[in-house]
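Trainee: Attaching a single structure in structure tokens format; questions to follow.
The values are calculated or read from the model by the stated rules, or taken from the named source; none is laboratory data. Bear in mind the structure is a predicted one, so any value in this text is a computation, not a measurement. In this analysis, Cβ positions are derived from the backbone assuming ideal geometry, glycine residues included, and neighbour counts consider all displayed protein chains. Surface areas here come from the heavy atoms of the whole protein model, side chains and all, with no ligands, DNA or RNA. Shrake-Rupley method; radii C 1.70, N 1.55, O 1.52, S 1.80 Å.
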Amino acid sequence: TPSEASRKAIDEADLEYLMEEIPGALDQGKAGSGKIREIVLALKDFSHPGSGTPEPSDINRLVESTVTVARNEYKYVADVTLELDPDLGPVSCMPSALGQVVLNIVVNAAHAIAEQSDRDGRGKITVRTQSLDEDQVEISISDNGPGVPEKIQSKIFDPFFTTKEVGRGTGQGLAISRRVVTEQHAGRLLLESEPGEGATFRIVLPLKSSHSSDALGAVA
């Protein structure tokens, strides 16, 4: 009979198990869809070409989008923590170029952590934004990787200088990053590092920039 067939189908499907598992599966699907949406929006923000001249920009959103885009580079080796100043106002910058700088430094941090042979456990990368005074803001990217040896710290921003193995790095990333910060944004890109204790790159920007030099292309 139909009722017997229904009971048999329910028994075979283990309805009680399904009733327990389906809500969780739906929640996971919803979370996955939300993550995909987050990545798509981040890519949209990150790839926006901009005007080629400084424009008032939300630095915190720029950092969040960039870290999302970089996730595949760090997700297996490090956890990223964002410490973003909620009171930070718009900053005059070229967001696409500046996002490339942040991306390059976060990826470098992930690579340094991954290559640390004596590491026990996952690494940590912290990205902060803050106001230094009423005229300057700072984005800092810190990691607890091996740090930069003192003897090469003065060369780290030189064109074609790289500590990566052949075929992995061009030695142009930090050189171009410094040019973007100093020439396009009238800012400073600084390194602070103690060997064995990690490294911090500080991007210091004026709130208002009078620079409008041509885009220098992607940071590699």
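Trainee: Any chance you could count how many residues in region 86-108 are of a type in the set (A, V, I, L, M, F, W, C) and either touching a Gly at 6+ places or on another chain (Cβ under 6 Å) or farther than 19 Å from Val180 by Cα (or both)? Explain how you work it out, then say what you get.
Mentor: Narrowing region 86-108 to residues of a type in the set (A, V, I, L, M, F, W, C): 88, 91, 93-94, 97-98, 101-103, 105-107.
From what's left, either touching a Gly at 6+ places or on another chain (Cβ under 6 Å) or farther than 19 Å from Val180 by Cα (or both): 88, 94.
Summing the residues that are of a type in the set (A, V, I, L, M, F, W, C) and either touching a Gly at 6+ places or on another chain (Cβ under 6 Å) or farther than 19 Å from Val180 by Cα (or both) in region 86-108 gives 2.
Trainee: How many of the residues making up region 79-88 are at pLDDT below 95 and open to solvent by less than 100 Å² (accessible area, probe 1.4 Å)?
Mentor: Result for region 79-88: 1.
Here is a yes/no grid of residues against (1) crowded, with 21+ Cβ neighbours inside 10 Å; (2) over 27 Å from Tyr76 (Cα atoms); (3) of a type in the set (Gly, Ala, Ser); (4) under 12 Å from the mean Cα position of the chain (by Cα):
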| residue | (1), (2), (3), (4) |
| --- | --- |
| Ile113 | yes, no, no, no |
| Thr126 | no, no, no, yes |
| Leu132 | no, yes, no, no |
| Asp158 | no, yes, no, no |
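Trainee: Is there any pair with a first residue in region 78-103 that is at positive phi and among the basic types (Lys, Arg) and a second that is modelled with pLDDT of 95 or more and open to solvent by 10 Å² or more (accessible area, probe 1.4 Å) whose Cβ atoms are under 8 Å apart and which are 6 or more apart or on different chains, and what are they?
Mentor: So the pair list comes out empty.
Trainee: Still on this structure: What residue, of Gly99, Gly24, Gly29, is more than 30 Å from Leu189 (Cβ to Cβ) and modelled with pLDDT of 55 or more?
Mentor: Going through Gly99, Gly24, Gly29 in turn, the sole match is Gly24.
Trainee: With the requirement that a residue be in contact with a Leu (Cβ under 9 Å, 6 or more places away or on another chain), within 20 Å of Asp143 (Cβ to Cβ) and touching a residue at least 24 places away in the same chain (Cβ under 8 Å), what does region 177-203 give you?
Mentor: Of everything in region 177-203, those that are in contact with a Leu (Cβ under 9 Å, 6 or more places away or on another chain), within 20 Å of Asp143 (Cβ to Cβ) and touching a residue at least 24 places away in the same chain (Cβ under 8 Å) turn out to be Ser177, Val181, Leu189, Leu191, Ala199, Thr200, Phe201, Arg202, Ile203.
Trainee: So, one more: I'd like the full set of residues that are open to solvent by 30 Å² or more (accessible area, probe 1.4 Å), modelled with pLDDT of 90 or more and in a helix (DSSP H, G or I), limited to region 42-68.
Mentor: The answer is Arg61, Glu64.
Trainee: Still on this structure, I have one more. Could you count how many residues in region 69-85 are in a strand (DSSP E or B) and either more than 15 Å from Thr200 (Cα to Cα) or touching a Gly at 6+ places or on another chain (Cβ under 7 Å) (or both)? Even if it seems obvious, please write down each step before you answer.
Mentor: Our first condition is that a residue be in a strand (DSSP E or B); within region 69-85, this holds for 78-84.
This time we only want the ones that are either more than 15 Å from Thr200 (Cα to Cα) or touching a Gly at 6+ places or on another chain (Cβ under 7 Å) (or both), so: 78-79, 84.
Total meeting the criteria: 3.
Trainee: Against the conditions (1) open to solvent by 30 Å² or more (accessible area, probe 1.4 Å); (2) at pLDDT 85 or above, where does Arg119 fall short? Just the number, please.
Mentor: Only one criterion is unmet by Arg119, namely (2).
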